[in-house]
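Note sheet for the following structure.
The values are calculated or read from the model by the stated rules, or taken from the named source; none is laboratory data. Quick caveat: nothing in here was measured; it's all calculated off a predicted structure. Methodologically, a virtual Cβ is constructed for each residue, glycine included, from the backbone with ideal geometry; neighbour enumeration extends over all protein chains shown. Only protein heavy atoms, including side chains, enter the accessible area calculation; ligands, DNA and RNA are left aside. Shrake-Rupley method; radii C 1.70, N 1.55, O 1.52, S 1.80 Å.
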Amino acid sequence: MSEHIDVTRDGRVMTIRLARPEKKNALTAAMYSAMAEALAEAEADRGTGAVVLFGSGGTFCAGNDIADFLAAPPDSRDTPVGNYLYGLARATVPLLAGVDGDAVGVGTTTLLHCDMTLVTARARLRLPFVSLGIVPEAGSTLLLPRIMGHARAAELIMLGDAFDGARAVELGIANHVVEPDALEEKTLALATRLADQPPTAIREAKRLLRGDQKALEAQIEEEMRVFMAQLTSAEAREAFTAFMEKRKPDFSKVG
Ligand code: COA
């Protein structure tokens, strides 16, 4: 349970809303746990035919809560973030997202596990892991090159520049750009269409589309190993402390 995650149901569609707009929906351990729990519930329930993720306050998600990273860096896969990431990677229930505003870090890598994503033109996606002294997670180092090829994936990961909704569609991360006012309605309409499909066929199709499940989980595991090692490095500490102190990081003394 988390006060910052709202889970609602309408017929066969479950909606998970990130509701921490004052912190740009940055994810805390409690939020990961609540999302992992909701995903597990949807996965186990044949009455749920689709799960939709939305942000709130004009933001999708600003990534992992950086104060949390500094206070309690995750040190094993058996953590709220681990449960959430493996929940995404193992889900057979169709997942959708409606993305407006910022989608940073896990806010973007989550989309790689969604079957359909609608974005607004003003959506701003970003993978700043390397700039923060850490490495990408959620299997994204396997999924991104698969979706868009090595060169484009390397550019997103190594430079960490933001890109908008139209570019997300070009890169194959999202399906369509829609007007902000229509985002939720259109995402929910799509979710209802998926939820009305034959339940076993659509889950099996999703499983087949994913391909090698073992390879995906092995990549998530290896990413986590490096991620956790980097998280306590001097360069990551400098990057996170600089963010909290609202200044530019200085990596010249931490090499
Ligand atoms: N962790 C913790 N707090 C965060 C956060 C995060 N990931 N992202 C935003 N916040 C907090 C800010 O510290 C600020 O808190 P304050 O009002 O107490 O000062 C509040 O949310 C609003 O954020 P702000 O940066 O003022 O909003 P913005 O509209 O100028 O910028 C972002 C939005 C998302 C571009 C910017 O907040 C950002 O870059 N966040 C960090 C993203 C990131 O690196 N995530 C980690 C990926 S691993």
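As a length-normalised measure over Cα pairs under 8 Å and 6 or more apart, the relative contact order of the chain settles at 20 percent.
Within a straight-line Cα-Cα reach of under 18 Å, Lys214 can be paired with the following lysines, leaving aside sequence neighbours fewer than 8 residues apart in one chain: Lys206. Helix 199-210 axis versus longest C-alpha principal axis of the chain: approximately 30°, rounded to the nearest ten.
Within the set of other residues whose C-beta is less than 10 Å from the C-beta of Ser2, count the net charge using Lys and Arg as +1 and Asp and Glu as -1. Working shown, then result.
Working: positive: Arg20; negative: Glu3, Asp6, Glu37.
Local net charge: -2.
Looking at the chain, the accessible area is 47 square angstrom per residue; that uses a 1.4 Å probe and ignores ligands, DNA and RNA. Descending by average beta-carbon neighbour count within 10 Å, the peptides 20-33, 101-114, 236-249, 203-216 line up as 101-114, 20-33, 236-249, 203-216, the highest first.
Where does helix 183-195 land angle-wise versus the long Cα axis of the chain, in degrees 0 to 90, nearest 10? Helix 183-195 sits roughly 60 degrees off the main axis of the chain.
Bridges between two residues of the range 5-181, per DSSP, are antiparallel at a rate of about 30%.
Between Glu22 and Lys253, the contour length at 0.36 nm per residue exceeds the Cα-Cα span by 79.8 nm. Rounded to the nearest 10 degrees, the angle from helix 80-90 to the longest Cα principal axis of the chain is 50 degrees.
Charged side chains reduced to their Cβ positions (Lys and Arg at +1, Asp and Glu at -1) give the range 126-175 a dipole of some 100 debye around its Cα centre.
A simple count of charges around Asp161, restricted to other residues whose Cβ falls under 9 Å of its Cβ and scoring Lys, Arg +1 and Asp, Glu -1, yields 0.
Kirkwood radius and radius of gyration were both taken over the C-alpha atoms of the range 74-208, and their ratio Rg/Rh is 0.97.
Within the range 1-83, DSSP assigns beta bridges of which about 55% are antiparallel (rounded to the nearest 5). For a paramagnetic label modelled on Met1 (point 7 Å from Cα along Cα→Cβ), amide N atoms under 20 Å away belong, within the range 19-34, to 19-20, 28-34. Ranking Ala72, Gly55, Ala19 by how far each Cα lies toward the positive end of the dipole of the chain (charges on Cβ) leaves Gly55 at the top.
Looking at this model, which pairs from Lys24/Lys248; Lys23/Lys248; Lys23/Lys253 are more than 26 angstrom apart at the alpha-carbon?
The pairs that break the limit, which is 26 Å between Cα atoms, are Lys23/Lys253.
Judged by the mean number of other Cβ atoms found within 10 Å, the most tightly packed of the peptides 10-19, 135-144 leads the ranking 135-144, 10-19.
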